[in-house]
Amino acid sequence: MAAAAAGAPMASSSGLDLGKIVPPAGFRRAVPSAAALRGRSASGSRGLAFSVPSSNGAAAQSSLSDSEKKGPVVMEIPLEDIRRPLMRTRANDPSKVQELMDSIRVIGLQVPIDVLEVDGVYYGFSGCHRYEAHQRLGLPTIRCKVRRGTKETLRHHMR
C-alpha cells in the first residue's frame, strides 16, 4: 500500500502476471528424492515401487510388505479369489449393471469394491453391481480396497 500512497499505480487483478510471482525466501518446492520414492534411505535394500495398469485400467498391486501397510490398501484381486458369503436376497438391477459395464469398458473401474482379508482369504460384502459387471465383461481381476481383519470381524460382517 505504501507504493499506492506514494502515487504509483495499483495493478488490477486482471493485469497481474502470475508467471512473475516470486516465492518468499526460504520456500522449498516439495520434490521427493529418489530415496524418498523408494521409501528407504539411500542404503535401503528395497527398489523403486511402481504400478502397472491392469486389464481394466486400474493400478496393480503395490510392492509394500504387510508390515509396511497401514489401513486399507487398493489392489487388484482375481474375481475367483473373492468369496461372497452372504446369500443374495435380491437380484442386481440389470440396467445398473449394464451402465457399469459400459463405463468400465470406456474408463475402467472408478471406485474399488470393499474387501475384508482374513487369514489370506478375501471376503466381499459390497460392490455387487461392480462385481457382476466385471464378471459379465470377462475381466479376470477387480480393483479392491482391502482391509485386514480378524475372524471376529468376519463374524460381525456375517450377522
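Some notes on this structure:
- Residues being farther than 16 Å from GLU76 by Cα and under 22 Å from the mean Cα position of the chain (by Cα) - total across region 138-159: 1
- For region 93-119, the tally of residues that are open to solvent by 50 Å² or more (accessible area, probe 1.4 Å) and within 22 Å of PRO72 (Cβ to Cβ) stands at 4.
- Pick from region 82-92, criterion open to solvent by 90 Å² or more (accessible area, probe 1.4 Å) and not charged (D, E, K, R), ranking: farthest from TYR123 (Cα to Cα): THR89
- Of all residue pairs spaced 6 or more apart or on separate chains, those with beta-carbon atoms under 9 Å, a first member in region 118-137 that is at positive phi and a second member that is surrounded by fewer than 19 Cβ atoms within 10 Å (Cβ to Cβ) and not in a helix (DSSP H, G or I) are ASP119/THR150; GLY127/VAL111; GLY127/ASP114.
- Residue within region 66-73 that is in a strand (DSSP E or B) and surrounded by 15 or more Cβ atoms within 10 Å (Cβ to Cβ) present: yes
- Residue check for LEU139: surrounded by 14 or more Cβ atoms within 10 Å (Cβ to Cβ), modelled with pLDDT of 95 or more and either hydrophobic (A, V, I, L, M, F, W, C) or assigned to a helix (DSSP H, G or I) (or both): yes
- Cβ pairs under 8 Å, 6+ apart, first in region 83-112 and in contact (Cβ under 8 Å) with a residue 12 or more places away in the chain, second of a type in the set (D, E, K, R) and not in a helix (DSSP H, G or I): LEU109/ARG143; PRO112/ARG143; PRO112/LYS145
- Selected residue (criterion: modelled with the lowest pLDDT) from residues of region 126-136 that are charged (D, E, K, R) and surrounded by fewer than 21 Cβ atoms within 10 Å (Cβ to Cβ): GLU132
The values are calculated or read from the model by the stated rules, or taken from the named source; none is laboratory data. What you are looking at is a predicted structure, and each value in this text was computed from that prediction instead of being measured. Quick reminder, even Gly has a Cβ in these numbers, built from the backbone with ideal geometry, and neighbours come from all protein chains shown. Keep in mind that these areas ignore ligands, DNA and RNA; they rest on the heavy atoms of the full protein, side chains included. Shrake-Rupley method; radii C 1.70, N 1.55, O 1.52, S 1.80 Å.
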